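Colleague: Pasting a structure below so you can have a look.
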Amino acid sequence: MTIQNMQMPDHLWRPITQHSTLSGITPPRMVKGEGVWLTDDKGNRFIDSLAGLWTVNVGYGRKEIAAVAAEQMEQLAYLAPMMTSDPVVDFAEKLQTMLGFEAHVYFSVSGSEANETAIKMARQYHLQNGKQGENRFKIISRYRGYHGNTLGAMTATGQAERKMGYEPGAPGFVHVMPPYPYRRHEKLTVEEHGAEMLTLLEETIIHEGAQTVAAVLMEPMITGGGVLVPPDNYVKGVREICDRYGVLLIFDEVVSGFGRLGQMFGHRIWGTEADIFTFAKGLASGYMPIAATVAKKHIFDGFLGEPGEMKHFRQVNTFGGHTVACAVGLKNVQIIEDEDLPANGQRMGDYFRSRIREELGDHPLVGEVRGMGLLTGIEMVSDRSAKTPLSEDRLNVLTRTAIANGIILGRNSNTIPGRCNVLLIAPPLVVNEEETDRIVAAIKAGVEAC
C-alpha cells in the first residue's frame, strides 16, 4: 500500500507511533479507569502496568480528586501566575514541608518545563553569584537519562533516538556515562563500578573546566532509560564531587517523586539532597497537568536584589501554578500520605520482583530483573552470557502477547539504538497481590511466546 492510499483511523497525531501501522484499523479507545484497570470501548479490561507513564500513582477513578477539581473550577478556575491564590500558596507550603528543608517552589505544567526551569535557574544563579573569572553555563547530564522534549531538556537527555532529526540541540551540554551494573566490566564489583563512574564524572568536570560547569542534572535512578539502579556509593559521591568543584546538583524526580521508589522522594533512599529538584507525574497523579521546580533557600536568595538590577527570575508560564491543578495536587499528596502508598509500592514491588524471579529468573531470555519500590526493569536478551539485546520483533511479540492477556506493558522504546530491550513495570501504587500475579502471568506468557 502506498502512502497516498493509506487510511488513517482519525486525525489524531499520536506520540512515538508509526502511523502507517494504523492504516485500515480502528484502535481501541479507552473509556474508563478504576484503580489499576482501564476499560476500552468494547468492554475489554486491561491492567495498566505503567500507570500511564509512571504517573497515576493514586490509581484511576478517584472521585474525591474530581470533586476537588470541580469545586475549584467553580470558585476560581484560573489566575495569572504573578497573582496569588490559596491553593497555589498552600501547595507550595505543603511541598516545602514534605521535603523537610526551606525552599521555594516554581510551578509549571510538565516535567520538560520543570527541567528547563532548573537549567535556567542554575545558569542565572551562577551568573549573579559566581566568582570573578568564572563563566558557569555547562550542564552535565548522563547517557540513558531522560529529562524532557523541549530544546534544553531534550539536549540534556541522553537517549539518541529521542533526539535524532531534531538536532543540533542547545549549546552548553555535556554527557557522561551512568553506572550500569548489569553491563559493568566483569572484573569490577558493583561498588568499584560506582567508583569508576564517579571518577569519570570528576574527570569530565576537570577537562571541561570546573569554572564553566553550572550543574549536574540527573535522575537519582535512571527510569525510562532502562531502570538503572545505581551502586550505593554513587549518588552520595556525585554530591561530594559537585561540592568539591562548586557545581550545583539538580535531581530530576519527575518519576521517582511521590512514592514510586518506595519512599516519598527518591533522593531519600541515598540520604542525599540536591540544590534544585524537579517534580511532575505523581505530583498530581495525572488528574491535572502540573510540575514543580523546587529551589533550596540559598538558590532562591541568589535572585534577590533591587527591582532595577534584573536579578529576578524572568520567566513566566501561562498555566504555571494553575489554581485547579494545585488544588488537585494537594488532594493527591494527601491521599498518598493518608493511605501510605509509598509503603504499599515497596511491598508490591518486592513481591513482584520475587514472583517474576521465581517464574522467569532462570529463563534464557531474561538477563536481569532489577528495580526499587514499584519500578522494575526486566532486561531481555537473546544470549545471557553475551548479554545480547533481544530483537525488536521478538519484543513486539512479547508485548502483544501481554496485551492479549489483559496487561499493558511498558518498554524503553526509542531510547538507545539497539538497546531498547528493557521491559518497564510500574503500576499505580494501589496495586494488590492478585493484580500483581496477573502481571507476572502475562509477562511469562509473553516471554514464552517470543
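Colleague: Could you pull out every residue, at least 5 positions away or on a different chain, whose amide H is within less than 5 Å of the one on Ser108? Hs are placed 1.01 Å off N in the peptide plane, and Pro or chain starts have none.
Modeller: Distant-sequence amide H within range of Ser108: Ala291, Ala292, Thr293, Gly321.
Colleague: How large is ³J(HN,Hα), in whole Hz, for each residue of region 222-227 in order, when computed from phi with the Karplus curve 6.51 cos²θ - 1.76 cosθ + 1.60 and θ = phi - 60°, using x for Gly and Pro?
Modeller: 4, 10, x, x, x, 6
Colleague: What distance in nm separates the simple spin-label points at Glu392 and Lys120, each placed 7 Å from Cα in the Cβ direction?
Modeller: Going by the 7 Å Cα→Cβ label model, 3.6 nm.
Colleague: Kirkwood Rh, region 362-450, all Cα pairs: how many Å?
Modeller: 13.2
Colleague: Filter the trypsin sites (Lys or Arg not before Pro) in region 66-152 down to the DSSP loop ones having no more than 13 other Cβ atoms within 10 Å, then list what survives.
Modeller: Those satisfying the criteria are Lys131.
Colleague: Just to confirm the filter: which trypsin sites (Lys or Arg not before Pro) across region 2-70 are DSSP coil and have at most 16 other Cβ within 10 angstrom of their Cβ?
Modeller: For trypsin sites (Lys or Arg not before Pro) across region 2-70 that sit outside H, G, I, E and B with at most 16 neighbouring Cβ atoms in 10 Å, the list reads Arg29, Lys42.
Colleague: Run the simple label-point estimate for Asp232 and Glu309 please: 7 Å along Cα→C-beta, distance reported in nm.
Modeller: 4.5
Colleague: Restricting to DSSP loop positions (anything but H, G, I, E, B) with no more than 13 other Cβ atoms inside 10 Å of their own Cβ, which GluC sites (Glu not before Pro) remain in region 161-244?
Modeller: Glu186
Colleague: Taking only the alpha-carbon atoms of the chain, what semi-axes of the equivalent ellipsoid follow from 5 times the gyration tensor eigenvalues under a square root, in whole Å, largest first?
Modeller: Each semi-axis is √(5λ); the values are 34, 28, 22 Å.
Colleague: Return the equivalent ellipsoid semi-axes of region 20-158 as a descending list in whole Å, where each equals the square root of 5 times an eigenvalue of the C-alpha gyration tensor.
Modeller: Equivalent-ellipsoid dimensions as semi-axes: 36, 25, 14 Å.
Colleague: Give me, ordered by chain and number, the residues 5 or more places off Gly286 or on other chains with an amide H under 5 Å from its own placed amide H.
Modeller: none
Colleague: Given an 8 Å cut-off on Cα distances and at least 6 residues of separation, report the relative contact order of the chain as a percent.
Modeller: 21
Colleague: In whole Hz, with x marking every Gly and Pro, tabulate ³J(HN,Hα) for region 198-210 from phi via Karplus 6.51 cos²θ - 1.76 cosθ + 1.60, θ = phi - 60°.
Modeller: 5, 4, 4, 5, 4, 5, 5, 4, 4, 6, 6, x, 4
Colleague: Related question: Can you bin region 283-384 into rounded, prolate or oblate? Criterion: square roots of the alpha carbon gyration tensor eigenvalues sorted a ≥ b ≥ c, rounded for a/c under 1.5, prolate for a/b above b/c, oblate for the rest.
Modeller: Verdict is prolate for region 283-384.
Colleague: Another one. Springs between alpha-carbon pairs under 10 angstrom, Gaussian network model over the chain: which of Asn44, Asn344, Asn332 fluctuates most?
Modeller: Asn44
Colleague: Enumerate the amide H contacts of Gly225 below 5 Å, restricted to partners 5 or more residues apart or on another chain; note that Pro and chain-start residues carry no placed amide H.
Modeller: Under 5 Å from the amide H of Gly225 lie the amide H atoms of Tyr146, each far enough along the sequence or on another chain.
Colleague: Still on this model: Along region 65-78, what does the Karplus equation 6.51 cos²θ - 1.76 cosθ + 1.60 (θ = phi - 60°) give for ³J(HN,Hα), rounded to whole Hz, x for Gly and Pro?
Modeller: 6, 4, 5, 4, 4, 5, 5, 5, 4, 5, 7, 7, 6, 7
Only the coordinates and a few stated rules stand behind these numbers; no lab work does. It should be emphasised that the depicted structure is a prediction, and the values quoted were computed from it without experimental measurement. A quick note on method: Cβ atoms are made from the backbone with ideal geometry, for glycine too, and the neighbour counts reach across all protein chains shown.
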